[in-house]
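**Student:** Just passing along the structure, written as C-alpha cells.
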Amino acid sequence: MITAEQVIEHTKKWITDVVIGCNFCPFAAQVIKRKTVFYRVEMASDAVVCLESFLQEVTRLDEDAAIETSFLIFPSNFNTFNSYLDMVSVAEKLLKQKGYNGIYQLASFHPQYKFADAPDNDAANYTNRSIYPMLHLLRESSIDKALEHYDDPESIPDKNINFARKKGMVYMKMLRDSCTGG
C-alpha cells in the first residue's frame, strides 16, 4: 500500500519533471522555489469525504496567506476520468456556493485526462495527465499578478499542446510514468 509521503514525493517529481520541465506552467517554478505549495493526500474512497477535504483546503488557504497554492491528491479514488469530472463539477459548484468566485481557481489533473475534442492517444492530453487524480487550488490574485509579467498568456495552452505533440505520446507517457518509478 502506498503511503501519503510517497504520493507527495511522486507528485513533487511530476511537478518538477513534467509541469516545470516541459514549461507547461511558466509560473510553477517560482512557487516551488519559494516553497509556498501545500500538498494533501486524501486516501478515502468516499466522494463525500474527498469533497470535505477539498473544502478544508479552501479553509487552509483562507487561514494561511503563506500558502500560495494547494494540491489535493486522491490516490484511492476517482479512477475513471468520468467519476473525476463529476467530482470536479461538484467542487466548482461548492466554490461558487461558498462565495469563492474570483478568489480561488480550480485546475484539474488526472491520469486519464482527455480534452473534450482530443482523441485518447493525443499527446496533448499529457499537459493535464498527472500521476494521480488531483485538484489544484490557486489564488486568483496570484494568477493575476503572475500574468502581469507574462506576454501573451493566452498562448500558453497552444504552446503546451504543440510541445506535447512534438515530443509524442511515448515520450510524454514515459516522462509522466517515471515520476512513480513505473
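The values are calculated or read from the model by the stated rules, or taken from the named source; none is laboratory data. Keep in mind that what you see is a predicted model, and the values were worked out from it rather than measured. Cβ sites come from the backbone with ideal geometry, for glycine too, and all protein chains shown count toward neighbours.
For (1) hydroxyl-bearing (Ser, Thr, Tyr); (2) within 28 Å of Lys173 (Cα to Cα); (3) touching a strand residue (DSSP E or B) at 6+ places or on another chain (Cβ under 9 Å), each residue gets a yes or a no:
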residue	(1), (2), (3)
Asp46	no, no, no
Ala66	no, no, no
Asn77	no, yes, no
Tyr84	yes, yes, yes
Glu92	no, no, yes
Ser108	yes, yes, yes
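**Student:** If you don't mind, another one. Restricting to segment 141-182, what's the tally of residues that are within 26 Å of Arg40 (Cα to Cα) and either over 15 Å from the mean Cα position of the chain (by Cα) or assigned to a loop (DSSP other than H, G, I, E, B) (or both)?
**Tutor:** The number of residues fulfilling the criteria is 14.
**Student:** Return yes when Val88 is modelled with pLDDT of 95 or more and part of a helix (DSSP H, G or I) and no when it is not.
**Tutor:** The answer is yes for Val88.
**Student:** Hey, among Ala107, Ala28, Ala66, Ala47, which residue is aliphatic (A, V, I, L, M), in contact (Cβ under 8 Å) with a residue 12 or more places away in the chain and over 20 Å from Lys145 (Cβ atoms)?
**Tutor:** After applying the criteria, what remains is Ala47.
**Student:** Here is a follow-up. Taking only pairs six or more apart or across chains, which ones have beta-carbon atoms under 8 Å, a first residue in segment 1-20 that is closer than 16 Å to Phe74 by Cα, and a second residue that is surrounded by fewer than 16 Cβ atoms within 10 Å (Cβ to Cβ)?
**Tutor:** Cβ pairs passing all conditions: none.
**Student:** Among the helices (runs of 4 or more DSSP H) contained in segment 1-83, which hold 2 or more residues that are modelled with pLDDT of 95 or more and surrounded by fewer than 14 Cβ atoms within 10 Å (Cβ to Cβ)?
**Tutor:** 47-63
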